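Step one of this worksheet: look at the structure below.
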Amino acid sequence: MNQIIKWRWPIAIGLVVVTVLLFLISPNLTQQAEEAGTFQLPENADSQRAAEILENAGAGQDTISLVFPLDEELNEASKEEIGAIVEELEQLGAPVTDILDPFESEEIEDQLVSENQQTVLVPVTVEGTNEEIIELVESIRSDIIGEETTAYLTGEAVINNDVNLSAQEGLERTEIITVVLIFALLLAVFRSVVTPFIPLVAVGLTYLISQSIVSFFIDWFGFPVSNYTQIFLVAILFGIGTDYCILLLSRYKEELSAGQPVETAIVNTYKTAGRTLLISGLAVFIGFFAIGFADFPIFKSAVAVSVGIAVLLLVLFTIVPFFMAVLKEKLFWPSKKSVSHNDSKLWTRLSGLSVNRPLISMAVVAIITIPLLFTYDDDLSYNTVDEIGSDYESVKGLNAIEDGFGAGDSLPAQVIISSDEDIISEGTVPYIELISEEISQVEGVDSVRAITRPTGEVIEDFYIDRQLAQLTEGLDEAQNGLGEVQSGLTEVEAGLNEITGQIPSGESQEGAGGLGEAAGGLGQINEQLGLVSQGLQQSQNIPQTVEQIAAIQQQLGAVQEGISGAAGQIEAQSGQAAGLGEGLSQLAEGVSASNEGLTQISEGLESAVTIMEEMSESEAVRDTAVFIPQGTLESEDFVQVLDRYAIGEETGTKLEVILEDNPYSPQSIETVERIKTTVDRVVVDTPFEDAEIAYGGISSINSDLDVISSNDFTQTVTIMLISLFIVLAILFRSFIMPLYMIGSLLLTYFTSIAFAELIFVNVFDFDGISWAVPFFGFVMLVALGVDYSIFLLDRFREEALGGLSVREAMKVSMAKMGTVIITAAIILAGTFGAMMPSGVLSLVQIATIVITGLLLYGLIVLPLLIPAITVSFDNGVWWPFKKKK
């Protein structure tokens, strides 16, 4: 320290120069956070695999929705206005790839116009970077929609962009409020216009250097970054940096008050308070460094704070001594006495309870904390929309879709099935319907849209029972047709007999004989048709019926030829007989028409035979009760369906699952898990058993978040607590003190988060605490709260080593450190209080947990529980080591 004091000017100037240079040449940390994205899930997560499959298949487009909420039912004027906007949208180039006109067809109108006719949806498919999509949204909003039309643009990309904007705006508000608040609090604590600038300058330099180093690490080493990185750097560095400065300045004031020269006072300050500061800083550093072992990039992004802590310790051991040495007593001008130097009257009174009556003190803490613990349900929310509130246009659009079409229609879940081979065929599509039907039966699912049900409605004609019913109807129609042919031939037979009777005797007897034979032949054919019809009804032997009809057709052909020949002969005669030829020609045409009717019946029956043969050979029919006839998928009706639900070169397919609940709700996460279980069960022994199956959509993303964040929380917290225990055990030479220090912080954390849950869930009616809040709240509270127990117990160690008993050492420590700890806790709580106006729900909730925890710890747990446990162990508190003499 003497060398630092000696070289204080070069060190200070050098540090300032380095800060300026780093600030000028370093990358933009804000931009890096925006580019990193909101969730950053690992590649093996279901939702990320789904996105990768779609991207590789050329189907990775995003969809933004233009929502028109109407004041009255849709009318022609509204249609024209919306149609004009759609026409303008269709003129746009990249990144727009497709526009779905809500009035293009009745089927599409049914999907894109709400039942009450007061909400119209225009899906716009886009492919491009987030920046290009957001630029497009701004262009549509300003150039096409205009101010007179009420319409909202929404979609996952738009919502995520609004979350980023909200976070950056919140950061700006937090920075300004933090600086003003800390200055005001330090002014009140030290009653000096000079002293508040020391922490602000020290922490300001730390923040500028830290964010520059972190931004370089992001570029060089792929250091994790998120929207939380800068906000936590600001909150932690300004909060804890100010606390450390208070500790140093208070001890420095104490040394000066004892009559020590300035240089000696500085050296003594860093020998005592400096040691405490190093222990605290090391504990906080380890706490945040442990986050680096997390798998989730969002959580890992807080590891940047460990860089800030390292820089902070460097600055506190260089810049603060510089100001102490340069300003001397003027550092506290104009105050002659610092409030932070006084013994704490509050903690002195509390020590009378915690030191003298430890069991009662513990009971008081239990009465305050335990009832809240019983209210804690660990309710979590994954609703990104809650983060930014309902004032954003993207949220208004989402709410309009929910009001018009239902909660789940705004952002459907997706089931992606992919293979290396073509999986879209008449043999495999029935299994897609099987999966769709099973998913539709899952609790929480409203409907499923897929190749076999493009509108979400079941197509009954695909099912074998319906097809068999249609075949039965076809057989009935065939029998009716045979009856009609019989009736027609009976009329022809009667006509022939009538004409035969009208031919004069002696004229064309040869022709008359031919007509008689034809009439007799028709009678026999009619009898045969009757037998065929009866046989078809009784045996339903369609192939035999087809053969019999073919034989009858040959006979009919011969009859027709006979009638035509006779007609020719008769027409060649003169007299009365010649006039009968025209009637015979008409009868011949009737026979021909009957033959054509038999042809149609035969073709229909042959088609039925073909379908039945295909059914009998189809394995899918037995497995799924669904049959897709050959050629169905190539039909014109299926072109648009395949375009929408087939991916790649028909090597994959997409199912859209409409959920009953809000896609962001915890219920939807549970529904997605049930869908996954159902699909895993259904695909066994199907053509898709070995296919890659992934799940997309916001509900799937949240499902992944639920699993990953839960696993990471357990893993990282375990590493963090073990690391803290080891460091504290080494520094305090005790296994007992680290145990109850960490235990007291756990009690404080769970009490604080229970209180936050009570406020945000039970009072403000949110689904739960935002998913990232428990993790960050825990890390913040434990890493910062451990400082205060170190402040107290390190002073206790100092007093105990000076010869005082455990009880007396604790009383003195509480009197000396109470004001410092309370002041530090209030300042740190105030720093996090600056997050409250940020407008970002998760930050507000983290701030609530940390503020509640710090005040609970500084005013209740630390002065009542820690001393009570310490004196209860007495000298055993140093176990397994011995107290140094």
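The values are calculated or read from the model by the stated rules, or taken from the named source; none is laboratory data. Here the structure is a predicted model, which is why all the values come from computation and not from measurement. No Cβ is skipped: glycine too gets one built from the backbone with ideal geometry, and neighbour counts run over all protein chains shown. Please note that ligands, DNA and RNA were not included when accessible areas were found on the heavy atoms of the full protein model with its side chains. Shrake-Rupley method; radii C 1.70, N 1.55, O 1.52, S 1.80 Å.
Annotations
- Residue identified as more than 29 Å from Gly170 (Cα to Cα), buried (at least 21 other Cβ atoms within 10 Å of the Cβ) and of a type in the set (A, V, I, L, M) among Leu804, Leu862, Leu856, Leu841: Leu862
- Note on the range 167-178: residues that are modelled with pLDDT under 80 and either not in a helix (DSSP H, G or I) or not acidic (Asp, Glu) (or both) total 7.
- For the range 65-89, the tally of residues that are touching a residue at least 60 places away in the same chain (Cβ under 8 Å) and either in a strand (DSSP E or B) or open to solvent by less than 20 Å² (accessible area, probe 1.4 Å) (or both) stands at 6.
- The set of residues in the range 629-649 that are over 12 Å from Pro454 (Cα atoms) and open to solvent by 60 Å² or more (accessible area, probe 1.4 Å) comprises Gln630, Glu634, Glu636, Glu649.
- The range 157-192: number of residues that are touching a helix residue (DSSP H, G or I) at 6+ places or on another chain (Cβ under 7 Å) and farther than 22 Å from Ser394 by Cα: 15
- Filter pass, Ile231 being out of contact with any strand residue (DSSP E or B) (no Cβ under 6 Å at 6 or more places or on another chain) and open to solvent by 10 Å² or more (accessible area, probe 1.4 Å): no
- Neighbours by Cβ (under 9 Å, 6+ apart or cross-chain): first from the range 669-684, among the basic types (Lys, Arg); second open to solvent by 70 Å² or more (accessible area, probe 1.4 Å): Arg674/Glu443
- Scoring Val86 on the criteria (1) at pLDDT 85 or above; (2) out of contact with any Asp or Glu (no Cβ under 6 Å at 6 or more places or on another chain) leaves a single failure, condition (2).
- Inside the range 760-809, residues that are within 27 Å of Thr384 (Cβ to Cβ) and not hydrophobic (A, V, I, L, M, F, W, C) make up a count of 7.
- Filtering the range 179-199 to residues that are open to solvent by 30 Å² or more (accessible area, probe 1.4 Å) and either of a type outside the set (Gly, Ala, Ser) or at pLDDT 90 or above (or both) leaves Val179, Val180, Leu181, Phe183, Leu185, Leu187, Arg191, Val193, Val194, Phe197.
- If you go through the range 384-400 and keep only what is open to solvent by 20 Å² or more (accessible area, probe 1.4 Å) and not charged (D, E, K, R), you end up with Gly389, Ser390, Tyr392, Asn399.
- Number of positions in the range 410-433 that are at pLDDT 90 or above and open to solvent by 40 Å² or more (accessible area, probe 1.4 Å): 1
- Only residues that are closer than 20 Å to Met814 by Cβ, in contact (Cβ under 8 Å) with a residue 12 or more places away in the chain and aliphatic (A, V, I, L, M) were counted across the range 349-374, and they come to 8.
- Residue tally, condition more than 30 Å from Asp704 (Cα to Cα), in a helix (DSSP H, G or I) and open to solvent by 40 Å² or more (accessible area, probe 1.4 Å), over the range 1-41: 17
- Only listed residue being surrounded by 18 or more Cβ atoms within 10 Å (Cβ to Cβ), β-branched (Val, Ile, Thr) and closer than 17 Å to Ser78 by Cβ, chosen from Val120, Val96: Val120
- Qualifying residue in the range 386-394 (condition: under 18 Å from Glu660 (Cα atoms) and not charged (D, E, K, R)): no
- Members of the range 270-316 that are closer than 16 Å to Ser210 by Cα and among the aromatic types (Phe, Trp, Tyr): Phe285, Phe288, Phe289
- Some residue of the range 278-296 being more than 23 Å from Gly241 (Cβ to Cβ), open to solvent by 30 Å² or more (accessible area, probe 1.4 Å) and in contact (Cβ under 8 Å) with a residue 60 or more places away in the chain: yes
- Some residue of the range 319-340 being at positive phi and in contact (Cβ under 8 Å) with a residue 12 or more places away in the chain: yes
- Among the residues here, Glu132 qualifies as in a helix (DSSP H, G or I), acidic (Asp, Glu) and within 24 Å of the chain's Cα centre (by Cα).
- Under the condition of being within 18 Å of Ile64 (Cα to Cα), open to solvent by 40 Å² or more (accessible area, probe 1.4 Å) and part of a loop (DSSP other than H, G, I, E, B), the residues counted in the range 144-166 number 1.
- Single residue of the range 42-64 satisfying the filter (at pLDDT 85 or above and touching a Phe, Trp or Tyr at 6+ places or on another chain (Cβ under 8 Å)) that is most open to solvent (accessible area, probe 1.4 Å): Asp46
- Qualifying position, being more than 30 Å from Val820 (Cα to Cα) and over 33 Å from the mean Cα position of the chain (by Cα), among Glu127, Glu148: Glu148
- For the criterion of being over 18 Å from the mean Cα position of the chain (by Cα) and either among the β-branched types (Val, Ile, Thr) or open to solvent by less than 50 Å² (accessible area, probe 1.4 Å) (or both), Ala407 fails.
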